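The values are calculated or read from the model by the stated rules, or taken from the named source; none is laboratory data. The model shown is predicted, which means the values in this text are computed figures rather than measured ones. Here Cβ is always computed from backbone atoms with ideal geometry, including for glycine, and neighbour counts include all displayed protein chains. All accessible areas refer to the heavy atoms of the entire protein, side chains included, with ligands and DNA or RNA removed. Shrake-Rupley method; radii C 1.70, N 1.55, O 1.52, S 1.80 Å.
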Amino acid sequence: MFTIGCHLSSSKGYLNMAKTAVSIGANTFQFFTRNPRGAKAKAIDENDIKQFHEYCGEHGITTILAHAPYTLNPCSADESVREFALNTMTDDLERMEYTPGQLYNFHPGSHVKQGTERGIELIAEHLNKVLRPEMTTTVLLETMAGKGSEIGRRFQELREIIDRCELSSKLGVCLDTCHVHDGGYDIVDDLDGVLTEFDNIIGLESLKAVHINDSKNPIGAHKDRHEKIGDGFIGKEAFGRIINHPALRDLPFYLETPNELEGYAREIEMLKGWRIDQV
Ligand code: FE
Ligand code: FE
Ligand code: ZN
């Protein structure tokens, strides 16, 4: 099955997101757990959650991806910033248990002059505080473009974070096509090679989701500016290979392209048209 969706606004609750997803031809969606700036989250409405689960059951939505506020920095040099990341993620992961067994993605963080090693150490320390054995959520580290002092541009950095976590079975990776491309991985001309490298360093069994975005910049630009599918430097042919690759095709795909809902509906339809049925 092709699991495809996009980023949606969570302001009207879970049922609304599921209905919006279905209305644009999606069977999954991504959403921010709270305002991306990291403000206090709205209280969970249990009635909304109940209706959401019923609706998902009727419409074949089995996977959703929550995204942490991108302003969190678990490897900041400033203790109060780290503390904020800790409290926010702890709260998010408690709320995630209303939708058990789902995915929660976050940006590892920026080390800001402390160096990559220290950054990795702080992120692992953070995860060792937020991950709980009883938790049903899988927490995903997103591959980053390497803008500024972002951690997670190289697969090796993610591997080192995972290695330092006691509950590493709760962790996975979300591959963002724009980010890895901007980070210098050639997914256009050597997708096989990049995925083999991912497998050798992290292991493909840890890959749980794909952010499917074209890039406004050439490979290795470290910019992180998303483009509509086919309009950027990655291009249509490469996306045709990405959504059909045996190592990726069964994963959920999430568009984070610069679009309104109609644009997302068109991209989803286009991508469905590029899917090659498996024999
Ligand atoms: Fe992200
Ligand atoms: Fe992303
Ligand atoms: Zn991005």
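Are any residues in segment 190-228 under 16 Å from the mean Cα position of the chain (by Cα), open to solvent by 30 Å² or more (accessible area, probe 1.4 Å) and of a type in the set (D, E, K, R), and if so, which ones?
E205, K208, D224, R225
When residues of segment 246-279 are filtered for being exposed (fewer than 13 other Cβ atoms within 10 Å of the Cβ), more than 16 Å from the chain's Cα centre (by Cα) and either aliphatic (A, V, I, L, M) or assigned to a loop (DSSP other than H, G, I, E, B) (or both), how many remain?
6
Pick from T99, T90, T136, T143: which is modelled with pLDDT of 95 or more, farther than 22 Å from V210 by Cα and not basic (K, R)?
Working: T99 fails: farther than 22 Å from V210 by Cα; T136 fails: farther than 22 Å from V210 by Cα; T143 fails: farther than 22 Å from V210 by Cα.
Sole residue among the options that is modelled with pLDDT of 95 or more, farther than 22 Å from V210 by Cα and not basic (K, R): T90.
Within segment 166-176, can one find any residue that is of a type outside the set (K, R), surrounded by 15 or more Cβ atoms within 10 Å (Cβ to Cβ) and more than 16 Å from ligand 2 (Cβ to nearest atom)? It would help to see each step written out before you state the result.
Going residue by residue through segment 166-176, those that are of a type outside the set (K, R) are 166-169, 171-176.
If we keep only those that are surrounded by 15 or more Cβ atoms within 10 Å (Cβ to Cβ) too, we end up with 168, 171-176.
So of that shortlist, the ones also more than 16 Å from ligand 2 (Cβ to nearest atom) come out as 168, 171.
Yes: segment 166-176 contains one or more residues that are of a type outside the set (K, R), surrounded by 15 or more Cβ atoms within 10 Å (Cβ to Cβ) and more than 16 Å from ligand 2 (Cβ to nearest atom).
Report yes if V130 is touching a helix residue (DSSP H, G or I) at 6+ places or on another chain (Cβ under 9 Å), hydrophobic (A, V, I, L, M, F, W, C) and over 27 Å from Y254 (Cβ atoms), otherwise no. Show your work before the answer.
Values: touching a helix residue (DSSP H, G or I) at 6+ places or on another chain (Cβ under 9 Å): yes; hydrophobic (A, V, I, L, M, F, W, C): yes; over 27 Å from Y254 (Cβ atoms): no.
Answer is no for this residue.
So the check is Cβ under 7 Å with 6+ separation or different chains; which pairs have a first residue in segment 173-194 that's under 13 Å from F239 (Cβ atoms) and a second one that's within 11 Å of ligand 3 (Cβ to nearest atom) and open to solvent by 30 Å² or more (accessible area, probe 1.4 Å)?
Matching pairs, first to second residue: C178/D224; C178/H226.
If I filter segment 113-122 for residues that are within 26 Å of Y254 (Cβ to Cβ), away from ligand 3 (no atom under 16 Å from the Cβ) and in contact with a Phe, Trp or Tyr (Cβ under 7 Å, 6 or more places away or on another chain), do I get at least one hit?
No, every residue in segment 113-122 fails to be within 26 Å of Y254 (Cβ to Cβ), away from ligand 3 (no atom under 16 Å from the Cβ) and in contact with a Phe, Trp or Tyr (Cβ under 7 Å, 6 or more places away or on another chain).
When I219 is evaluated against the numbered criteria (1) touching a Leu at 6+ places or on another chain (Cβ under 8 Å); (2) aliphatic (A, V, I, L, M); (3) over 20 Å from T138 (Cβ atoms), which criterion, by number, is the only one it fails?
Only one criterion in (1) touching a Leu at 6+ places or on another chain (Cβ under 8 Å); (2) aliphatic (A, V, I, L, M); (3) over 20 Å from T138 (Cβ atoms) is unmet by I219, namely (1).
Can you name the number of the only condition in (1) of a type in the set (F, W, Y); (2) farther than 17 Å from V173 by Cα; (3) crowded, with 20+ Cβ neighbours inside 10 Å that Y104 fails?
Every condition holds for Y104 apart from (2).
Which residues, counting only those in segment 252-279, are in contact with a Lys or Arg (Cβ under 7 Å, 6 or more places away or on another chain) and either more than 12 Å from I24 (Cβ to Cβ) or at pLDDT below 95 (or both)?
Across segment 252-279, the qualifying residues are T257, P258.
Has segment 36-58 got at least one residue that is over 25 Å from L261 (Cβ atoms) and among the acidic types (D, E)?
yes
For the list (1) of a type in the set (D, E, K, R); (2) open to solvent by less than 40 Å² (accessible area, probe 1.4 Å); (3) modelled with pLDDT of 95 or more, I need the number of the one condition that K19 fails.
Tallying (1) of a type in the set (D, E, K, R); (2) open to solvent by less than 40 Å² (accessible area, probe 1.4 Å); (3) modelled with pLDDT of 95 or more, K19 fails exactly one: (2).
Considering only residues that are within 30 Å of I276 (Cα to Cα), of a type outside the set (A, V, I, L, M, F, W, C) and in contact (Cβ under 8 Å) with a residue 40 or more places away in the chain, which ones fall in segment 24-51?
We begin by selecting, within segment 24-51, every residue within 30 Å of I276 (Cα to Cα); these are 24-31.
Narrowing the set further to residues that are of a type outside the set (A, V, I, L, M, F, W, C) leaves 25, 27-28, 30.
Those that are within 30 Å of I276 (Cα to Cα), of a type outside the set (A, V, I, L, M, F, W, C) and in contact (Cβ under 8 Å) with a residue 40 or more places away in the chain: G25, T28, Q30.
Applying the selection to segment 73-87, what residues are closer than 23 Å to T138 by Cβ and either open to solvent by less than 10 Å² (accessible area, probe 1.4 Å) or of a type in the set (G, A, S) (or both)?
Of everything in segment 73-87, those that are closer than 23 Å to T138 by Cβ and either open to solvent by less than 10 Å² (accessible area, probe 1.4 Å) or of a type in the set (G, A, S) (or both) turn out to be P74, C75, A85.
Determine if segment 181-189 includes at least one residue that is open to solvent by less than 10 Å² (accessible area, probe 1.4 Å) and under 23 Å from I24 (Cβ atoms). Explain how you work it out, then say what you get.
Initially, segment 181-189 is screened for residues open to solvent by less than 10 Å² (accessible area, probe 1.4 Å), giving 181-183, 187.
Still in the list and also under 23 Å from I24 (Cβ atoms): none.
Scanning segment 181-189 turns up no residue that is open to solvent by less than 10 Å² (accessible area, probe 1.4 Å) and under 23 Å from I24 (Cβ atoms).
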